[in-house]
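Colleague: Shown below is the structure under consideration.
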Amino acid sequence: MKKGFTMIELVFVIVILGILASIAVPRLAATRDDANAVKAAAEIKDVITQLGAKYIADKWSTNIADDSPTYKTVSERTDENTNWTNCVAVEATDGAIKITKKENISDTYKTYCNAVLATPAVKEWVEISTPKAEGTTATGIVIGGSGIYNNK
């Protein structure tokens, strides 16, 4: 008598492994998307910090890329899962930094941009940079005054 697995037992094992894989793979992909979104939020925070330091030292120029090496590096990327400049715009004027959602995001970047914009920090920065009502202006992230990053 031979010892080993029958064909039915092997089929059952393969089916069970297939079911487990079909559950695990989408979760792993979602984890990667979340990690890219958190990375984007950290890079935006880095840009804000660099612009804040530049403003406090000697005001900023008219071109954000000149004042933030991180912004320049990110804006030159071509990978759709790491270039948050396709999702939000950074504007620095009059002692305030505004992070606004870009309109008409292409389908290529939709999933990535949705993840970036859902990140709590980015969501807050966009909210304080968006006017609350028609005819009003948003403060954005105010640099200087009583606090370095005061959004009140």
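The values are calculated or read from the model by the stated rules, or taken from the named source; none is laboratory data. This one's a predicted model, so the numbers in the text were calculated from it and none came from an experiment. Every residue, glycine among them, receives a Cβ derived from its backbone with ideal geometry; neighbour counts consider all protein chains shown. Each accessible area value is taken on the protein alone, full model and side chains, heavy atoms only, with ligands, DNA and RNA left out. Shrake-Rupley method; radii C 1.70, N 1.55, O 1.52, S 1.80 Å.
Colleague: I'd like to verify a number: residues in the range 61-102 that are of a type in the set (Asp, Glu) and in contact with a strand residue (DSSP E or B) (Cβ under 8 Å, 6 or more places away or on another chain), how many? Spell out how you get there, then give the answer.
Modeller: The first filter runs over the range 61-102 and keeps only residues of a type in the set (Asp, Glu), leaving 66-67, 76, 79-80, 91, 94.
Imposing the further condition that a residue be in contact with a strand residue (DSSP E or B) (Cβ under 8 Å, 6 or more places away or on another chain) reduces the set to 67, 91.
Selection size over the range 61-102: 2.
Colleague: Can you tell me which residue within the range 51-65, out of those that are touching a helix residue (DSSP H, G or I) at 6+ places or on another chain (Cβ under 6 Å) and in a helix (DSSP H, G or I), is least open to solvent (accessible area, probe 1.4 Å)?
Modeller: Residue satisfying both the conditions and the ranking: Leu51.
Colleague: Do you know which residues across the range 39-72 are more than 14 Å from the chain's Cα centre (by Cα) and in contact (Cβ under 8 Å) with a residue 24 or more places away in the chain?
Modeller: Hits for the range 39-72 are Leu51, Gly52, Tyr55, Ile56, Trp60, Ile64, Asp67.
Colleague: Please go through the range 66-96 and give me each residue that is in a helix (DSSP H, G or I) and at pLDDT below 80, ordered by number.
Modeller: Residue satisfying the conditions is Asp66 alone.
Colleague: Between a residue in the range 73-102 that is over 18 Å from Ser61 (Cα atoms) and any residue that is of a type in the set (Gly, Ala, Ser) and assigned to a helix (DSSP H, G or I), which pairs come within a Cβ distance under 6 Å, given they are 6 or more apart or on different chains?
Modeller: Trp84/Ala40; Thr85/Ser75
Colleague: Output yes when any residue across the range 137-150 is outside any helix (DSSP H, G or I), open to solvent by less than 50 Å² (accessible area, probe 1.4 Å), touching a Pro at 6+ places or on another chain (Cβ under 6 Å) and farther than 26 Å from Arg32 by Cβ, and no when none is.
Modeller: For the range 137-150, residues outside any helix (DSSP H, G or I), open to solvent by less than 50 Å² (accessible area, probe 1.4 Å), touching a Pro at 6+ places or on another chain (Cβ under 6 Å) and farther than 26 Å from Arg32 by Cβ: present.
Colleague: Name the residues in the range 90-107 that are surrounded by fewer than 15 Cβ atoms within 10 Å (Cβ to Cβ) and either closer than 15 Å to Ile48 by Cβ or among the polar types (S, T, N, Q) (or both), would you?
Modeller: Scanning the range 90-107 gives Glu91, Thr93, Asn104, Ser106.
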